[in-house]
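The values are calculated or read from the model by the stated rules, or taken from the named source; none is laboratory data. Everything numeric in this text was worked out from a predicted model, so none of it was measured. Positions of Cβ are generated from backbone atoms using ideal geometry, with glycine treated the same way; all protein chains shown enter the neighbour counts.
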Amino acid sequence: MATAAINVQVDAKVKAEATKILSELGISMSTYINMALNQLVIQKRIPFELVAGERFNNDYLKTIKEVEQMMNDIKSGKIKLYTDDKQDE
């Protein structure tokens, strides 16, 4: 299986809290992100309920803008995606 790296910027407090919870569950952040992305692909929808709220709305809108900018940067060639085909060997 070929792999690709993802670089994501998140709030430091959210990362710390998420890392602690995942550690208690016995899984890494990378494993969790892979699980979430696989469920997105399998279900063809966001695999959890989105709940509205002031913090959610502000964070959500900021994230959407960041993702849109990254997609534009990828399309324009400003950001290049790399895969690691060595996993297949």
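Please go through the range 32-69 and pick out each residue that is at pLDDT 75 or above and of a type in the set (S, T, N, Q).
ASN34, ASN38, GLN39, GLN43, THR63, GLN69
For the range 3-18, which positions are of a type in the set (Gly, Ala, Ser) and in contact (Cβ under 8 Å) with a residue 40 or more places away in the chain?
Correct list: ALA4, ALA5.
Taking the stated definitions as given, is SER23 modelled with pLDDT of 90 or more, surrounded by 10 or more Cβ atoms within 10 Å (Cβ to Cβ) and under 23 Å from MET71 (Cβ atoms)?
No.
Among the residues of the range 26-52, which ones are among the small types (Gly, Ala, Ser) and surrounded by 10 or more Cβ atoms within 10 Å (Cβ to Cβ)?
SER28, SER30, ALA36
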